[in-house]
Every structure is written in C-alpha cells, then in structure tokens.
Amino acid sequence: MSVVAASAAPLRTRAFPAQWSARLAWVGLCLYTIYAASLLDVTLARFVQGIENGARFFDRMFPPNLAADKLALLSTGMLESIQIAILSTFFGVLLSLPLGLMAARNLTPGWLSWSARGLIAVLRSFHSVIVAILFVKAVGFGALAGILALIVSTMGFISKLFADAVEEMSMKQVEAVRATGASFFGVLAMGVFPQVMARFIGFATYQLDSNLRNSTMVGLVGGGGIGATLFTAYQRFDYDFVLTILLAIIAIIMAMELVAGRLRRIFQ
Amino acid sequence: MTSHPHPTPSEAGALPGSLLIKGLRKEYRAGQPVLKDISLTIEGRGLTAIIGPSGTGKSTLIRCINRLVDPTAGEIWFGGQDLASLRGAQLRAARRRIGMVFQEYNLVERLSVIENLLCGRLGYVPAWRAFMRRFPDADIARAFELLDAVGLGQDFATRRADQLSGGQRQRVGIARAVMQSPALVLADEPTSSLDPKTSVEIMELLAKVSSDQAVPVIINIHNVELAKRFAQRIIGMSRGAVVFDGPPDALRDDHLREIYGGEGGLA
C-alpha cells in the first residue's frame, strides 16, 4: 500500500526531501547581513577615502628603520615574546591535560565532566587581550601578565580539543584494557593516552605557534614582549620602525612554523 | 591481593575455578529482560560454547561475568566471591583473573604487540610503572614466551597492532588474556570476524590455552559446527533463556530448531 502511495510523489522529491529549516536559516542569514551592513553606513566614498589614508601610511613606512638602537629594542622585545610563548604553552598544555581528561564524558562521571566543561567555557569566553588587561591590573605591567593571560587561553583551547579527542577515541580498546583489571590510571596509561597522545602533541605544537602570535598582541595592553615595542612605535609615529617590527614578526612566525613541524615529527 | 594459581572453592562445594550463576537477569530497559533469570554451573575446566542467534543475550551473559555489563539481578559466584556485588578495587582484583577475548580483538591499535600483551598485567602492576613502561622483567619474559606459544614469534614484539591481520590480532588478543594468569577465560564471538580457516586455528589455540593453562574457557559462538568440534559442553540460548545444555553429541536438529527458530538458522 505504502509503496503505491509513495510512488505518487516525484522520484526526485522522494530521494532528496526538501529541508525547509535549513533553507529558512540561509535566507535569514542573508537578510540579516544586508540589514547589518545598512546600519553600519558602509559607503563607497568612505572606502575610497580609506584607501587614500592607507596609501599615505604605507608610504611613511618605507624604508624600514634598521638603526642599531632600534634593532636592540627589537631583539629585546622579540626574545621576551618568545619566552612568553614558550612558557605559556608549556604550563598551559600541562594544566590542560588533567582538565581535558576531567571534561571527557566517556571517562568521568557526569558531575565532574560538566563542571570541568563549565570551567573550560569560562576560560574560553574572553579573548586573551581582555584576560591580559585583567592580569596587567592584577600583577602589573610586563611579561608575567602576558604569560598568565596566555596560559588561560591555552587551557581554554587545548583542554576542549583534548576532551573532544578523548571522547572520539575507540571505547572498545579502553574496554579491553579495563577488562584486565587495570586501575583508572592504568587504563589511562595503556588504553587512553596511546590513542590520543599524537593528536594532543599536534594541538600543543599548534598552540605554540598560535601563542607566539598572541604574545605579540598581549604586549599591546601591557603584557610585555614585542607588542609593547610595537605599540610604543605606533604612538611615536615611528612608522618605519613599525615596518621593521612587522617584518620581524612575520619572519619569526614562519620560523616557528618550521620548528613546530619538526617538533611534531620528533614526538610522534 | 596475592595471585593464587587457582581461586579458592566457591560456596556449595563447587570445584576450584567453577562458575556458579544464579538467577541472573539483565534489563537494559525496565521490563524488557535480555537475560531471563539464568542459572548455570560451569566446571573449572574445559571449553564451554554458548550458541544462539544474535541478540539473544550471549554477549550480555559473558559481559555480566566480568562486569563490563552490570546485571540487574542475580548472583555470579567465582573464586569464593559474588562478582555481581563487587565494586572498585575488589572488582578490579577479580577482573584481573578473568581474561577476555573480543570479536573485534580490541587491541590498543597504536601500541606495539608486546605492549598489548603487557596490558594483561595492568591488574598487577602499578600505573606509574605502566606509564614508564617499567614492567617487571618476569612479565616481559613471559610476554615473549607467549608470542611463541600463540604462533606469532618474537619478531612481532615491536610491530604496531594496527599492522596485523585479523588472525594475528586475535592471537595477540588471546595472549593478552593469558598474560593475566587467568582463572577463567571469556571469549565473545572470537572467530566471527575471521575467515573459516583462521577461525579453526583460533579455536585450536583457545582449546590449547584451556588444556595447557588448565583454565576453563567460555566461548560465545554462533557457528554450531565449530562449537560441536571444540567444546566439551554446549549451552544453547534463545530469547534470553537457556534452552539446551549438554555435550555436543546430544545436540540434535530439533534442539537447533528451538535455538535458532526454524530451519533458516541451520544454514
């Protein structure tokens, strides 16, 4: 009976039924984008004016300033940024390990995983610059504030990814280890870590890379490092030195990418 | 917490290593029992096969024994303890004497073969030692011995588990169970993911484990021919209840019809 009834509908509709909720969502998104753009007064005239300003700014940046005293400032700031990146990644990743495990719903009881997930959500809810402002107020200007701010953002990011990785692992393998009479930590050592360690190291090296970029930013609000140097140069209209700093940041990020790739290969 | 070669006799004067199941019931959803008050005694020796169609509760039954599944009601006496009532450290101590072999082998894929074997010692070795891979020398020596005993050979020790074929993986799975110095081995459809020839080899290996280690082996298996060929006792299950229990030659076509429901199951 039902076969006859169903075949009354066109073949195409039966194979690919219309998904009205998805269509509605797309239309709504388009409408809102148009509405938001109209509110913000984005006009062609302003855009053209912006290009002119940009060109003038760009012109003042050349040639980059390579004076010895500037280069000394640059290297001090850069070294501090690298230290911020490495220390915050190390401690952030170390603290993410237990937090991520606690947040994995397939390993821990509900009350624990949900409170750990709640904590992670709080850690994630503010951008590292906002956290850095708080820490600058708390511990004063300098690298320590930057390190603490980036530890917070590292924990928010890595422990969530780690918890998700743990939740995606094969429970059959864990079950087999558990069936041998292994304790919880025995199961972690031989059943859980072997499955997720490679991904965890991947996250950690990615975070090192990302913390180096973020470390240049927390400096803008007083968190130390090259960001502080960059901010001062901006304020003093030393645009040629700004360019030197920006080029140095690009170079160091590229170098870090190579190092991170190398690290990933060593640890896996 | 010491490891006896054999568990102490359980209640009712049963043989050492015997398993006594009383009124075992499991409901995943209330009012819909998968196991309907099963009572069984399994002697502390030999190969026992549990046959029956899929979804009849065979797997649930043996998972209740090592408590990968928690029974709803009933008692499971083994080694002088009611396994159904154990918790925490006591449960782990009981589990380490019960080896388990899985249908899909359930090896830790990213660990080497020898590390997978040493997983069988986790009930005995502190976790920090496992973290550092500082297993006792005796355990490592035993693992190498077992590699030969299950027909893999020492060259396999450092191969990663995900590089092995199905038959090789199941040999590792069996060796891992034997590493536990088990007083009982459970096997949940150990041959269902394997080709016929390898299936026979794996059954031969399980029979050898049973006789060499003098340990009872309980095997869930839907292949009746294999069950009849290797088991000394066959338990037929249908819809959560035991409908046949006896030696292989007592198993007749009408029993199979009752277990598998009609001629279709005999194919």
Quick one: which of A:ILE201, A:ILE158 is modelled with pLDDT under 90 and more than 24 Å from A:GLY77 (Cβ to Cβ)? A:ILE201
Being assigned to a helix (DSSP H, G or I) and open to solvent by 10 Å² or more (accessible area, probe 1.4 Å): is that true of B:VAL243 here? no
For the stretch B:61-75, state whether one or more residues are within 10 Å of another protein chain (Cβ to nearest Cβ) and not in a loop (DSSP other than H, G, I, E, B). yes
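To keep it simple, each residue is scored yes or no on (1) more than 14 Å from chain B (Cβ to nearest Cβ); (2) among the small types (Gly, Ala, Ser); (3) at negative phi; (4) part of a helix (DSSP H, G or I).
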| residue | (1), (2), (3), (4) |
| --- | --- |
| A:GLN195 | no, no, yes, yes |
| A:ALA198 | no, yes, yes, yes |
| A:ILE201 | no, no, yes, yes |
| A:LEU212 | yes, no, yes, yes |
| A:GLY219 | yes, yes, yes, yes |
| A:GLY227 | yes, yes, yes, yes |
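Residue-wise test of (1) over 30 Å from A:ALA251 (Cα atoms); (2) open to solvent by 70 Å² or more (accessible area, probe 1.4 Å).
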position	(1), (2)
A:PHE58	no, yes
A:ALA72	no, no
A:GLY77	no, no
A:ILE82	no, no
A:ALA85	no, no
A:GLY110	yes, no
A:ALA116	yes, no
A:ALA121	yes, no
Check the stretch B:84-93 and report whether any residue there is modelled with pLDDT under 95, away from chain A (no Cβ under 12 Å), within 21 Å of the chain's Cα centre (by Cα) and open to solvent by less than 50 Å² (accessible area, probe 1.4 Å). yes
Exactly one of A:TYR239, A:TYR234 is touching a residue at least 24 places away in the same chain (Cβ under 8 Å) and open to solvent by 20 Å² or more (accessible area, probe 1.4 Å), and that one is A:TYR239
Is it true that B:ARG169 is open to solvent by 20 Å² or more (accessible area, probe 1.4 Å), within 14 Å of chain A (Cβ to nearest Cβ) and either part of a strand (DSSP E or B) or touching a Phe, Trp or Tyr at 6+ places or on another chain (Cβ under 6 Å) (or both)? yes
Just to be sure I understand, how many residues within the stretch A:162-183 are open to solvent by 10 Å² or more (accessible area, probe 1.4 Å) and either within 8 Å of chain B (Cβ to nearest Cβ) or touching a strand residue (DSSP E or B) at 6+ places or on another chain (Cβ under 6 Å) (or both)? 6
What residue, among those in the stretch B:69-83 that are hydrophobic (A, V, I, L, M, F, W, C) and touching a residue at least 24 places away in the same chain (Cβ under 8 Å), is nearest to B:VAL215 (Cα to Cα)? B:PHE78
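The values are calculated or read from the model by the stated rules, or taken from the named source; none is laboratory data. Everything quoted here is computed from the prediction, not taken from an experiment. As a convention, Cβ positions derive from the backbone with ideal geometry for all residues, glycine included, and neighbour counts pool all protein chains shown. Quick note on the areas: whole protein, heavy atoms, side chains included, nothing else; ligands and nucleic acids left out. Shrake-Rupley method; radii C 1.70, N 1.55, O 1.52, S 1.80 Å.
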